[in-house]
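Every number in this text was worked out from the coordinates using simple rules, so none of it is lab data. Remember, it's a predicted structure, so these values are computed and weren't measured experimentally. Here the Cβ positions follow ideal geometry from the backbone for every residue, glycine too, while neighbour counts run over all protein chains shown.
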Amino acid sequence: MSLTSIPAVRHTRATHPVTWTLSGFGDEIDPDPSVQVAVLQALGAAFIEVRSAWGTNVVDLDDDQLEKLRSTLVGQNMAVSAVASPIGKVDVSLDAELEVERLRRIIRVAHALETPNIRVFSFFRGEGVSVESTRDAVMLRMRLLADEAEKEGIVLLHENEKDIYGDTPERVLDLVESVGSPALRLAWDNANFVQVGARPFTDGYAMLRPYLDYLQVKDAVAATGEVVPAGRGDGELLETLTALRDDGYSGFASLEPHLAAQHALGGFSGPTAFGEAARAFAGLLADIGVTTK
């Protein structure tokens, strides 16, 4: 499908049944993976996105912790949609090889948890450093990361986090096209686009849809940047979800509510707020005739 032929948004129900796979950031619920899984399963999810366990980020899990996590998930019949790594959430001036080495550690986690997907970012910069001046360094580092992923059969899902190189639709497109690797795809986040002044669907959907492999579900208010449940902010969630439905998206929808706290390496909601976020998302999907499994 060419970019110009993507259909206009229609808020009507789908003619044919459309089902997406529900997942969620477990550590937004509780530090304990057993609690994370129990809440997600109560909400109808059979997948989890893993960012930390028992308060330890995935990049720092030792072999014993990783095996305990793997056994916990297997024992509760929970599969992993992606590893939500912090790769690329460091200053671009640091030695490029340091982040490649951290990725190797994350790949070990992804293989153990039997997922090909690892979320990544495209680097912060120092105060007063222009984003344009970091472009070459970012592209070099992202190419090195993509090379490592290609060798290991891994897909890097770039999230459009605010204040990294790839935070606006235009720079996300520059990034994914310039690196040009089948191992670098996009995790789409409506709220993050709002927080950098973009209109997610209006400004970014058509240009980025060919590279979009993964949906992270959260919304935000443009005036304040506050993160809110899906459909209650300015993130054009309904337009985005309807377009995804109409052009055949069939992948993961991963809840990342950030309703209680957010910080550089993640966020937190708690079980109650996480459930509120899940119900808000389910309401939007019901309006357009999409179900989850």
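Points worth noting:
- When each of the peptides 56-69, 149-162, 35-48 is scored by how many other beta carbons lie within 10 Å of its residues on average, the order from highest to lowest is 149-162, 35-48, 56-69.
- Here's how it looks for Val18: its modeled amide H is under 5 Å from those of Thr291, which are all 5 or more places away or on a different chain.
- Projected onto its three principal axes, the C-alpha set of the range 47-174 covers 48, 29, 26 Å, listed from the longest axis down.
- The phi-based Karplus calculation (6.51 cos²θ - 1.76 cosθ + 1.60; θ = phi - 60°) puts the 3J(HN,Hα) values of the range 126-132 at x, 4, x, 8, 6, 5, 5 Hz, whole numbers, x for Gly and Pro.
- Arranged from fewest to most other beta-carbon atoms within 10 Å of their beta carbon, Ser34, Ser250, Ser85, Ser122 become Ser250, Ser34, Ser85, Ser122.
- Packing-based exposure ordering (other Cβ within 10 Å, fewest first) of Arg119, Arg199: Arg199, Arg119
- Helix screen, the chain: DSSP H segments with Cα axial length of 20 Å or more and mean Kyte-Doolittle hydropathy at least 0.5 are 270-288.
- For the range 19-292, fraction of C-alpha pairs farther apart than 33 Å, in %: 14
- By the count of neighbouring beta-carbon atoms within 10 Å, fewest first, Thr292, Thr224, Thr202 end up ordered Thr224, Thr202, Thr292.
- Value at 222 nm in deg cm²/dmol, rounded to 500, when DSSP H runs of n ≥ 4 in the chain each add -39,500 (n - 2.57): -11000 deg cm²/dmol
- From most to least packed by mean Cβ count within 10 Å, the peptides 75-81, 209-215 give 209-215, 75-81.
- Backbone phi angles across the range 78-86, fed through the Karplus curve with coefficients 6.51, -1.76 and 1.60 (θ = phi - 60°), yield HN-Hα couplings of 10, 8, 10, 7, 6, 9, 8, 7, x Hz in residue order; Gly and Pro are listed as x.
- Note: relative contact order over the range 151-293, using C-alpha pairs below 8 Å and six or more positions apart, is 18 percent.
- Here r is the Cβ-Cβ distance between Thr224 and Glu170 and R0 is 25 Å; the resulting FRET efficiency, rounded to 0.05, is 0.55.
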